[in-house]
Amino acid sequence: RTSRLPKHTGNMATVVAPSAILTTRVVAPKARAARTLKATAFKGAKLAQPKFAVKRAVSTKAVADSKISTDEVLKTIADKWEDTENKSAVITYVAGGAALVWLSGTVVGAINSIPILPKVMELVGLGYSTWFVYRYVLYKDSRKELVEQFDALKNKVSGEF
């Protein structure tokens with residue numbers, strides 16, 4: 001049996017996406033059928049035929065979607081790093097971001113361990129999402145307002161006024 005997975009070639013990493021294949025297999029009944037056959041095996045009687053059960057199994061395989069050159073990505077990152085003027089600030093921001101992600105994961109884990117609080121937080125999130133859709137997405141005028149606010153925030157963050 002040969003593998004259907006793509007092979008690693010040179011410096012190219014392959015991106016794969018799983019897909020499911022539904023297969024069936026026939027399984028004979030176990031000892032119950034043998035007992036039934038032995039009990040009814042006498043002259044002039046029909047033997048009971050064992051019934052076969054069909055079990056379904058799902059297997060997955062990986063399918064290559066696209067190829068990304070790792071050398072190209074590393075070269076782009078190296079070029080961006082060389083163009084950076086204040087490298088210590090970038091390192092500080094990256095370290096702070098990593099610490100913030102770790103801290104938020106710890107806080108969410110602690111909140112999740114309190115019995116009622118996760119469901120309350122889900123309700124709060126559902127309520128806020130409903131309000132956001134009603135306030136900014138449902139009507140055309142409010143969508144324009146949301147785009148204007150987003151553009152203003154984007155300009156403020158990027159330094160453009």
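Report the full-extension gain for the segment residue 110 to residue 146: residue separation times 0.36 nm, less the Cα-Cα distance, to one decimal in nm. Don't skip to the end; give the middle numbers.
Working: separation 36, 0.36 × 36 = 12.96 nm, distance 3.38 nm.
Working it through step by step, the gained length comes to 9.6 nm.
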Residue-wise HN-Hα coupling along region 102-112, computed from phi with Karplus coefficients 6.51, -1.76, 1.60 (Hz; x: Gly, Pro):
4, 5, 5, x, 5, 5, 5, x, 5, 5, 5
So if we plug the beta-carbon distance of residue 86 and residue 139 into 1/(1 + (r/R0)^6) with R0 = 30 Å, what FRET efficiency do we get, rounded to 0.05?
0.10
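Counting only heavy atoms of the protein chains, get the accessible area per residue of region 107-161 (1.4 Å probe) and round it to a whole Å² value. Don't skip to the answer; put the middle values down first.
Details: 4910 Å² over 55 residues.
Value for region 107-161: 89 Å² per residue.
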In square angstrom, rounded to the nearest 10, how much accessible surface does residue 101 have for a 1.4 Å probe?
100
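The values are calculated or read from the model by the stated rules, or taken from the named source; none is laboratory data. Bear in mind the structure is a predicted one, so any value in this text is a computation, not a measurement. Methodologically, a virtual Cβ is constructed for each residue, glycine included, from the backbone with ideal geometry; neighbour enumeration extends over all protein chains shown. The area values use the complete protein model at the heavy-atom level, side chains included, leaving out ligands, DNA and RNA. Shrake-Rupley method; radii C 1.70, N 1.55, O 1.52, S 1.80 Å.
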